[in-house]
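Structure first, commentary second.
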Amino acid sequence: MQLELVSIDLSNYCSKACTFCYNQSNAKGVAQWQPNEVISFALDCAANGVKAFSLGGGEPFEYAGIFEVISALTPHLFVSITSNGLPLIDKKIFDKLISHKPNKIHVSIHNPSDKEELRRSLFLVRKIAKFGIKAGLNFLVSNQQIESAKYASMWLYRNGILSNQIIFIPIKGKYAPSTKQLAEVAGTEQFQSTFCLTECKPSARFCSVSYDKKVNYCSYSKSKETMTSLDYSGLINALQNIKTFAPCY
Ligand code: SF4
């Protein structure tokens with residue numbers, strides 16, 4: 001197995017506290033990963049061939065030490081971040097982001113009927129891109145909002161967002177859209193989505209590390225194994241201890 005991309009949930013703290021959050025992040029969440037632990041773990045992964053690290057959460061820009069982590073990782077790894085965008089409205093945080101410069105930021109759209117969320121996300125993507133950071137959107141799609149999601153994606157395209165800047169993410173559970181509905185929202189047969197859209201199976205190149213230092217091949221999987229040590233070998237040992245790859249649905 002040669003992992004290329006590792007996704008890590010820095011914490012389960014997020015003041016937005018969405019009811020559908022896959023790791024139940026909330027305003028009482030904690031950071032079990034300390035910044036120095038994240039840095040030494042990521043650099044050991046890089047030394048063992050991992051090419052990219054994706055920082056999520058919890059809300060990464062509400063994680064103390066986020067900029068320290070970005071600065072330490074970017075010389076060695078492609079660093080991408082997924083954010084709900086709210087903290088980036090604060091000029092001080094945005095200015096710090098620009099001076100630390102991760103490689104890519106995706107802003108999440110959770111509710112396509114929320115015009116303010118759409119406008120804010122578009123504004124942030126444009127603003128981030130101006131500073132030479134690859135910017136895009138993670139667009140959450142539910143089967144309850146197909147028409148408003150179609151309208152929202154067309155509105156984004158009309159405002160200059162390219163289809164390759166949007167990842168259409170199907171919500172899990174009873175409101176999960178079909179692949180056909182997802183394509184309708186994207187407005188095209190070819191679109192970016194989660195790699196498990198067509199088939200749920202472990203990837204040889206990707207794994208997900210949770211805020212409580214557990215591992216599986218998928219961020220949504222309900223069965224996760226604890227890392228035996230906070231380094232690349234601890235990660236691989238945990239993956240090898242996974243007996244069954246329990247799907248998320
Ligand atoms: S904004 Fe993202 S991390 Fe925060 S609670 Fe909502 S889904 Fe979870």
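The values are calculated or read from the model by the stated rules, or taken from the named source; none is laboratory data. Because the structure is a prediction, the values reported are computed rather than measured. Heads up, the Cβs are rebuilt from the backbone with ideal geometry, glycines too, and the neighbour counts pull from every protein chain shown.
Couple of notes before you dig in:
- When 89, 70 are checked against the criterion of being within 16 Å of the ligand (Cβ to nearest atom) and either modelled with pLDDT of 95 or more or crowded, with 17+ Cβ neighbours inside 10 Å (or both), a single residue qualifies: 89.
- Segment 45-67, subset in a helix (DSSP H, G or I) and away from the ligand (no atom under 16 Å from the Cβ), residue farthest from the chain's Cα centre (by Cα): 47
- Failed criterion for residue 100 (all others in (1) within 17 Å of the chain's Cα centre (by Cα); (2) more than 16 Å from the ligand (Cβ to nearest atom) hold): (1)
- Residues of segment 113-128 include none that is in contact (Cβ under 8 Å) with a residue 24 or more places away in the chain and part of a strand (DSSP E or B).
- The set of residues in segment 1-44 that are of a type in the set (Lys, Arg) and over 17 Å from the mean Cα position of the chain (by Cα) contains only 28.
- Residues that are assigned to a helix (DSSP H, G or I) and more than 11 Å from residue 112 (Cβ to Cβ), drawn from segment 138-192: 157, 158, 163, 164, 165, 179, 180, 181, 182, 183, 184, 186
- Residue count, segment 193-242 (criterion: hydrophobic (A, V, I, L, M, F, W, C), closer than 25 Å to residue 142 by Cβ, modelled with pLDDT of 85 or more and not in a strand (DSSP E or B)): 0
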